[in-house]
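The values are calculated or read from the model by the stated rules, or taken from the named source; none is laboratory data. Here the structure is a predicted model, which is why all the values come from computation and not from measurement. Quick note on the areas: whole protein, heavy atoms, side chains included, nothing else; ligands and nucleic acids left out. Shrake-Rupley method; radii C 1.70, N 1.55, O 1.52, S 1.80 Å.
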Amino acid sequence: MQDQKKWVEPLKNPWLWAIPTIATILLIIISRFSFLTFHTLAELITIIIAFNITAFALSTHDFTKNHFLMFLACGYFWIALLDLIHTLVYKGMDVFIAGSGNLSVQFWLSARYLEALLLFVAPLAASRNLNRYTLLGGFGIIAIALSVLVFSGNFPTGFVEGTGLTDFKIYSEYLIDLILVGALVVLFRYGTGISIEEKVIIGASILLTVMAELAFTFYVSVYGLSNLAGHIFKLFSYWFIFHAIFLHNLRNPYTALQKSEDLFRRTFENSGIAITIRSARDRSLLMNKAFQKMTGYSDEEMRGIHLRTIT
């Protein structure tokens, strides 16, 4: 029962669900008026989350030494850029070229293949001290190569107007899901040095990504209902990844610091040895009970008094 609780507990955090749920409600309302606006906002939210994942994990890595999350952060930076291009070339956007259902699908598949492989390899890299700049450069080469393939017309067709998804698109989604299931197995079996909380939250994120990819095998129109559902699953998935990184890199260190402070305070207060903490000018800042008993001064009375005046 205790083991089951520790696996379920990380998913009970209300903040894990509240933010993406509120965003989902707002996005669904917007989709009723403009699907293009819904798609743009849904993608931009996940892109911003991915950039925050990168900034947050890389800036705290020197303190946390969490190579697993750093590996994910380097990959998600380039995945976010592929998703940004996918958003800009979406049908109806016409930002720098005419929007196309096929072009946006091709960039979508490029990003999802990279994401699935990232999640599969990341647990295996958790115990390796890899250079972050080398990783960023390596993932960048892959992302740029995929972009060149798409823009040069050498990437297989994924969508045909009026007909819908091609076999390549559908089977690619199934293959991506297969890689993601493998990533789930690798995470729990080989993810050494990864906390249970991280495994549970990232595992849930992977399952949500699997559901998103399955939703993207049904639509005939890029403005369809299954397309909407897939983007909602993706939003939850990205938020879960961010939450795992936030949990490890910010909340956990503060929690450990608080526990350390509580332990120090209990040890300080209950020590039988008279102890006072003084400033550089020999003025008392803090004293324990034994020191108060020895001097006859209360903590408030001693505050700021020069120690040499105590007889």
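Rounded if a/c is under 1.5, else prolate if a/b is larger than b/c, else oblate: which is the stretch 4-119, with a ≥ b ≥ c the root eigenvalues of its Cα gyration tensor?
Judged from the Cα gyration tensor, the stretch 4-119 comes out oblate (a/c at least 1.5, b/c at or above a/b).
Over the stretch 23-157, calculate the relative contact order: mean separation of alpha carbon pairs under 8 Å at least 6 apart, over the residue count, as a percent.
RCO, the stretch 23-157: 24 percent.
Which of rounded, prolate or oblate describes the stretch 105-167 when judged by the alpha-carbon gyration tensor and an a/c cut-off of 1.5?
oblate
Which cross-chain or sequence-distant (5 or more) residues have an amide H under 5 Å from the amide H of residue 159, H modelled 1.01 Å from N in plane?
Here the answer is 166, since their amide H atoms fall under 5 Å of that of residue 159.
Mind checking the per residue accessible area of the stretch 138-225 for me, 1.4 Å probe, whole number of Å²?
With the other protein chains kept in place, the stretch 138-225 gives 47 Å² per residue.
Please state the shape class of the stretch 126-229: rounded when a/c is under 1.5, otherwise prolate if a/b exceeds b/c and oblate if not, all from the C-alpha gyration tensor.
oblate
If Rh is defined by the Kirkwood formula over all Cα pairs and Rg also comes from Cα, what ratio Rg/Rh do you get for the stretch 132-192?
Dividing the radius of gyration by the Kirkwood radius yields 1.11.
Show me, for the stretch 135-149, the HN-Hα J-couplings you get by feeding each phi into the Karplus relation (A = 6.51, B = -1.76, C = 1.60, θ = phi - 60°), rounded to Hz, glycine and proline as x.
Running phi through 6.51 cos²θ - 1.76 cosθ + 1.60 with θ = phi - 60° gives 5, 4, x, x, 5, x, 4, 5, 5, 5, 4, 5, 5, 4, 4 Hz.
Using a 1.4 angstrom probe on heavy atoms only, work out the carbon and sulfur share of the accessible area of the stretch 39-160 in %.
Carbon and sulfur: 70 percent of the exposed surface of the stretch 39-160.
Given 91/169; 169/199; 169/234; 12/234, which pairs have Cα atoms separated by over 26 Å?
As for pairs spanning more than 26 Å Cα to Cα, those are 169/199.
Could you give the distance between the Cα centres of the stretch 51-72 and the stretch 118-176, to the whole Å?
If you average the Cα positions of each part, the centres end up 22 Å apart.
So with the 1.4 Å probe, I'd like the accessible area per residue for the stretch 1-81, rounded to whole Å².
53 Å²
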